[in-house]
1. Count of lysine pairs in the chain with Cα atoms under 18 Å apart, counting only pairs 8 or more residues apart in sequence or on different chains?
2. On a 0 to 90 degree scale, rounded to 10, what angle separates helix 113-123 from the longest Cα axis of the chain?
3. Once amide H atoms are placed 1.01 Å from N in the peptide plane, what residues at a sequence separation of 5 or more from Val37, or on another chain, have their amide H within under 5 Å of its amide H?
4. Whole number please: convex hull volume per residue of the Cα set in the chain, in Å³?
5. Which order do the peptides 83-95, 54-66, 27-39 take when ranked by the mean count of other beta-carbon atoms within 10 Å per residue, highest first?
6. Per residue of the chain, what 222 nm ellipticity follows from adding -39500 (n - 2.57) for every DSSP H run with n ≥ 4, rounded to the nearest 500?
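Bear in mind that the values in this text are calculations on the coordinates, not laboratory data. Being a predicted model, the structure only gives us computed values, none of them experimental. Reconstructed Cβ throughout: ideal geometry from the backbone, glycine too, with neighbour counts over all protein chains shown.
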Amino acid sequence: MAPGTVKKAIATVLSSSRDVCRKCGRKLVFENKAIPVVIYSNHRGTYLRSRLTKLCRKCKIYAHHRYWSVDGKRHFYRDSVLSEFLLSSEDTAFQMDVLAECNNLLVIGTVPFSTYAASYNRGFQYCKMATTNDIDP
Ligand SMILES: [Zn+2]
């Protein structure tokens, strides 16, 4: 990169690529404003992005990034694992490299998820700061 060049961050917004309802074919509308999402990445640690939800007002079907929901049930697309991100909760998502590494360690190394999470946190220095309460008298 040439000196003085500003590298622009590409903002990731997790949302459905669908524009029409899967049941009735009506145009989907955005349900709300962008909601912050914490993304877990193997290369960057955690960072903030956002998600958007689309809705069919008639069918009450919600379209999310790589899945849709109706009556509180989630239905993932068959190719969801091929996506770069997996929206795992209302406010968290995993970059798939995290899940791939976690999967390898769980299967090959029989490493518990808690150990993997502790290693992840240590690697990115997401450690709890020691307080005076943590120090033995
Ligand atoms: Zn519909």
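1. Count of close lysine pairs: 12.
2. Helix 113-123 and the main axis of the chain meet at about 70 degrees.
3. The answer is Arg49, Ser50, Arg51.
4. Working: hull volume 29.5 nm³, N = 137.
Taking the convex hull of the Cα positions in the chain, it is 216 Å³ per residue.
5. Working: 83-95: 16.4, 54-66: 18.0, 27-39: 13.7.
Answer by packing, highest mean first, reads 54-66, 83-95, 27-39.
6. Working: 2 runs with 23 residues, N = 137.
Computed mean residue ellipticity for the chain: -5000 deg cm²/dmol.
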